[in-house]
Structures are given as structure tokens and as C-alpha cells.
Amino acid sequence: MLLIECPWCGQCEQSEFHYGGEAHLTRATPESDNTELTGFLFLRSNVRGDTAERWFHAAGCRRWFNARRNTVDDRFICTYKPGQNAPQETTDA
Amino acid sequence: MILPAAKCGACNMQRYSLFNLIRQSLGYHRGWQSNWRTPAPKDHYDIVIVGGGGHGLATAYYLAKKHGINRVAVIEKGWLGGGNTGRNTTIVRSNYLYDESSALFEHAMQLWEGLSQELNYNVMFSQRGLMHLAHNEHDLHEITRRCHAIRMNGIDSELLTPRQIKQRVPMINLNARFPVLGALYQGRAGTARHDAVAWGYARGADALGVDIIQNCEVLGFDIQNNEVRGVHTTQGLIRADKVGCVAAGNSSVLAAKAGLKLPLESATLQAFVSEPLKPMLDSVVTSNTVHCYVSQSDKGELVIGGSSDPYNSYSQRGGFDQIEHVVGPMVELYPVISRLKMMRQWGGTVDLAPDRSPILGESAVSNLYFNCGWGTGGFKAPPGSGDLFADSLANDRMHPILQPFGLERFTSGELIDEGAAAGVAH
């Protein structure tokens, strides 16, 4: 099982977390046209490799955070709080 | 003594028959030819199919067989059927709620029923019947509704009582933590041999002149004036009038190389097999509520699967916790297997669409087509998907059965929401 570093609680088992999909999506607004809405609702980068994604610590602090993870070997590169930009340096979580 | 086997009339293929078996046995079986050639890619093809799994090979086969287009190449980055075609639980069914899905999957089912004869290759299609269990009042309402909808579409479907389920599956524990209250049953559903589907279609396509090029990865597309002209591969540029991408879990990666984004997320779906047992289960039993499904292979192993891992991944491995999620309900439903050992586990990368229905259609790039989004249920469809996708590629328009499955549905909102209908990915 994966061990995930929650920015608030520290390292916990993956079964405590919910996956929240791709991070840093630009939200659609009431003024958005159908194409923008499709992009926000459905289209995903679905990266093979280093990607930024959202996680929710459901059975812990119940707070959202972001993570950088490699989807080929599932290794977490780092986790960071919402509102922050993805750290560029590689640190072992 | 090496004897040439009798060939079939129109093509160069060595047919499998009792006569040929006897003939070859006289030569100590050294006269069998390989099932397909290993050609070097040509400079130009009418159609290039990217992805040598069941769907891609079936597309190539029907292009050559039904439409007479044999200047076709199938490009595979690994080996044939090494992706999801070889990484599933081999279940075939066509009992879907919506008309669009029914049309598509029933078309596939009807082709499955004659596939071994069509390909002269035993795909071991076994229509042993499939049950969806209901564990609560809501499940009962849902399967009743689905049963009627399926019958309205002319597809066989019936409801079973707990007593009937027990008769068919004596080892089931009806009074489990989530009791078994009924089941939706399709008698024509069943299993098939996964590798044989890839090999059978590859052999058939090759005999009709299709070039199957393995160990050849697509690095990019040659796109001019928003029209695809070919693919850049590890074996050089291969020009093509049309390109069909049938790459399952790696579809998004391919799309990105053409500058496109697809409504797909790739996740790992795991399955496992037990040690072999004497015959104990002669149908397929699935449960959406506790989410595990099981059948018994011809070798006697129980083939077990569940839901996909909960996060995007291309690892083809999956997490241990997901195994526990599947094995727990399995032991509760079938206490007799509690001491059974699991022999092998594997994972495939499934491409999940938001509505859990496949995506087939032309992309924003002209002549670049996608056949993807089959998610956790692709194995039941290669014949139908290949036949209809080939028809669409050959005629430059989507086949009427495939029209609802285009990318436009994510903008128009006309989703085919089988995911919500079944309550799970399926």
C-alpha cells in the first residue's frame, strides 16, 4: 500500500485518503461556453509520468491537499497545501 | 518429413482441421507455419491501426475481410495482446441498460457466437451464463428495471430468486453480511480465452495481407494542415491516409502527441487467479454492491476481479488494499474458498470515460480516429468494436451504432451513463 505524506498529519496509509483527480484545473465560470465547460468537466491530461493531483485525507484531518506523483511507478514526489504551486524540486515523500 | 498443410482457398493461411491435424502428425508436427509474419513496415499504408490488442487486431481483420482494404498495418509497441487483452477476467456479456450500449454490445455478442468458426481459431467462447447479484431492496429494483430494459431490446435476460441462485451455485452463502436477494441473469453471457482473441484475429488479418508490426512504438504523428499523414515510430516514419488509435490505457498519451486531450483517466484494474480446483462453479457470478466477480477457468482456477484501484496509474501493478477489498466479500459470499491460495495477480491499465461508455469517433485532427474508453469492460467487445470501427474507417463516417459514442457527447451532454446505471464501473 502507498504511504502518503499529508501536509497536516504526516505519513499515513493510502486507504485513509480519497483520490481527487487532476490538480490546478481552471474552473469554469457561469460565463463559460460549452467548450470551456467540457474542458473543465471532462477533459484530463491523464499524464503518464510526473503529474499533479488532488487528494483528500478522508479518514484523518479531512482536508484537501495536492501531490506530485509519478503515475508509472506510483511514487509520490512531494505533497503540498492547496493554494501553493507545485514544488519543482524532487523530494522523497 | 515436413508436410505442407492444406491451405484455405482465398488466402495463404494454414487451416486448423482434423484432416490437417492428422496430416501434420505424420510429420511430427514440424510442418505448422507460424500464425503471422514479422514484416518490416512499408512506407505507406491506406490505414494504420495503433495498438495490437483485441480491438485493434479485430479492426484490421474486418477492414481486410469485409471492406477489401488490405494495405493496413497494426503497430504495437510491445507484443500482441500484451496489454488489457491479456490482463482481464475474460467475461463477455451484453446486458446493458441503455439502447445505445445494448446495440453495441449485442452486436459484439452475436459476432462472438460465431467467432471460432469465422477465424478458424478456437477462442473457447463458453456461454455459461452470468449472474449479477442483488443484495438489498435498491439492487432488486435496479436489476428488475434493467432486466425489462434489456428484454425490450430483444436480448435474453431473466431474474433469479435466491433459491434458483443456490441451485446453480451451491457454494454461495445467501445469508452473507449483505444477503443475496436475487440476481439478474444472462444465459448467453460467458467467458472466452483472452489470448486466443488476439492471436486468432492476428492470424486472420495477417493471412489477408495486413502487416502486424510488433515492438514498434509510436513517437508522434505527422500532421499537416490539421490532417494526419502518418505516424513517427521507433522504426521510422510510416505514412498513412487514415490512422486509428486503439490504445486503451495509453490513449491519452497518444492523443497528447497529436496535441489533443481526451475525456479519459487511466487506472489500474487488478485480477487474480487461485490454485486449480475441481469443477465447482459453472457460471460467472458478479456483484456490483460488494464488488467482486468470479468464474472458474477450464484449468480449474477461480478467476477473480473487483473494482479498479482508486487513483490514476500506468503501473500495471495495483495496491494490496484493493486485493483485500475483493477477497473479503469473496470469502463472505463463498466461505468454502476461505483457505484457497491465490497463485497469480496482475493489473491492466484501463481507460475510464466519465460516463463509463466507450469513445469511438474522429478527433479534431482530420482522418485521426480514436477507439478508446472501454474502461474495465473492453474484453466483451473486440468483435463488435472491430467490425463497426472498420466499417467507419472504410466509409469515412461513423457507423450508425457508433454515432452516439463520439467525442461530441461530452459537449452536447448526451452522455450514455452506464456508470451511473450500474452504480460502478463495469
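No value in this document is a laboratory result; all are computed from the given coordinates. All of these numbers come straight from a predicted model, not from anything done at the bench. Reconstructed Cβ throughout: ideal geometry from the backbone, glycine too, with neighbour counts over all protein chains shown.
Ignore the peptide's own chain and count Cβ atoms of other chains within 10 Å of each Cβ in B:306-313; give me the average, rounded.
5
Between B:Glu113 and B:Arg163, the contour length at 0.36 nm per residue exceeds the Cα-Cα span by 15.0 nm.
Tell me the Kirkwood hydrodynamic radius of chain B in angstroms, computed as one over the mean inverse distance between distinct C-alpha pairs. In chain B this quantity evaluates to 22.3 Å. Could you tell me how many degrees, from 0 to 90 and to the nearest 10, lie between the Cα long axis of helix B:54-67 and the main elongation axis, the longest principal axis, of the Cα atoms of chain B? Between helix and principal axis, roughly 50 degrees. Across the options A:Ser45, A:Pro82, B:Gly377, the greatest Cα extent toward the positive end of the charge dipole of the protein assembly as shown (unit charges at beta carbon of Lys, Arg, Asp, Glu) belongs to B:Gly377. Net charge dipole, the protein assembly as shown: roughly 1540 debye, given to the nearest 20, about the Cα centre with Cβ charges of +1 for Lys and Arg and -1 for Asp and Glu.
For B:Glu408 and A:Leu3, a Förster radius of 41 Å and the Cβ-Cβ distance give a FRET efficiency of 0.45, rounded to the nearest 0.05.
Between 0 and 90 degrees, the angle of helix B:320-333 with respect to the longest Cα principal axis of chain B falls at about 50 degrees. Taken over the alpha carbons of the range A:3-80 as equal point scatterers, the Debye sum produces base-10 log I(q)/I(0) values at 0.21, 0.22, 0.24 Å⁻¹ of -0.92, -0.97, -1.06.
Net charge in the neighbourhood of B:Thr286 (other residues with Cβ under 14 Å of its Cβ; Lys, Arg +1, Asp, Glu -1) is +3. Bridging of B:Lys66 to aspartates and glutamates at a Cα separation below 20 Å is possible for B:Asp46, B:Glu106, B:Glu113, B:Glu118, B:Asp206, B:Asp211, B:Asp241, B:Asp387, B:Asp391, B:Asp396, once same-chain residues fewer than 8 apart are set aside. Applying 0.36 nm per residue to the separation of B:Arg177 and B:Asn225 and subtracting their alpha-carbon distance, the gain on full extension is 11.2 nm. With a Förster radius of 51 Å applied to the C-beta separation of B:Asp298 and B:Thr234, the computed FRET efficiency comes to 0.85.
Placing a pseudo-label 7 Å from each Cα along the Cα-to-Cβ vector at B:Arg23 and A:Asp73 gives an inter-label distance of 5.3 nm. Estimated from the Cβ-Cβ distance and a Förster radius of 25 angstrom, the FRET efficiency linking B:Asn120 and B:Arg151 is about 0.15. Summing charges over all other residues whose Cβ lies under 10 Å from the Cβ of B:Asn173, with Lys and Arg as +1 and Asp and Glu as -1, gives +1.
For B:Tyr45, nonlocal amide neighbours, meaning residues 5 or more places apart or on other chains whose placed amide H falls under 5 Å from its own, are B:Arg239, B:Ala240, B:Asp241.
Peptide A:45-53 is shielded by partner chain Cβ atoms: per residue, an average of 5 of them sit within 10 Å of its Cβ.
Computing Rg and the Kirkwood Rh from the Cα coordinates of the range B:357-426 gives a ratio, Rg/Rh, of 0.97. Working note: Karplus 6.51/-1.76/1.60 with θ = phi - 60° gives the range B:377-393 the couplings x, x, 5, 6, 10, x, x, x, 4, x, 4, 6, 5, 4, 4, 5, 5 Hz, where Gly and Pro are set to x. Across the options B:Leu104, B:Gln127, B:Gly83, the greatest Cα extent toward the positive end of the charge dipole of the range B:66-167 (unit charges at beta carbon of Lys, Arg, Asp, Glu) belongs to B:Gly83. Take the protein assembly as shown, drop everything but the C-alpha atoms, weight them equally and run the Debye formula without solvent; then report log10 I(q)/I(0) at 0.06, 0.11, 0.13 Å⁻¹ to two decimals. With no solvent term, the Cα-only Debye profile gives -0.30, -1.01, -1.37. Across the range A:20-36, coupling constants 3J(HN,Hα) worked out from phi with the 6.51/-1.76/1.60 Karplus curve, θ = phi - 60°, read x, x, 4, 8, 6, 6, 7, 5, 6, 10, x, 8, 5, 8, 4, 5, 5 Hz, and Gly and Pro carry x. Charging the Cβ of each Asp and Glu at -1 and of each Lys and Arg at +1, and nothing else, the dipole of chain B about its Cα centre rounds to 1400 debye.
Might you report the magnitude of the Cβ-based charge dipole of the range B:319-411 about its Cα centre, with Lys and Arg at +1 and Asp and Glu at -1, to the nearest 20 debye?
Around 380 debye, computed over the range B:319-411.
Scalar couplings 3J(HN,Hα) for the range B:110-125, obtained by applying the Karplus form with A = 6.51, B = -1.76, C = 1.60 to θ = phi - 60°, are 5, 6, 4, 5, x, 5, 4, 6, 4, 8, 6, 8, 6, 8, 6, 6 Hz; x denotes Gly and Pro.
Within chain A, which is the longest segment that contains none of the GluC sites (Glu not before Pro) sitting in a DSSP loop with at most 14 other Cβ atoms within 10 Å? Within chain A, the longest run free of exposed GluC sites (Glu not before Pro) spans A:32-88.
Per residue of peptide B:254-263, the mean number of Cβ atoms on other chains within 10 Å of the residue Cβ is 3. Taking the square roots of 5 times each eigenvalue of the Cα gyration tensor of the range B:165-273, largest first, gives ellipsoid semi-axes of 43, 20, 12 Å.
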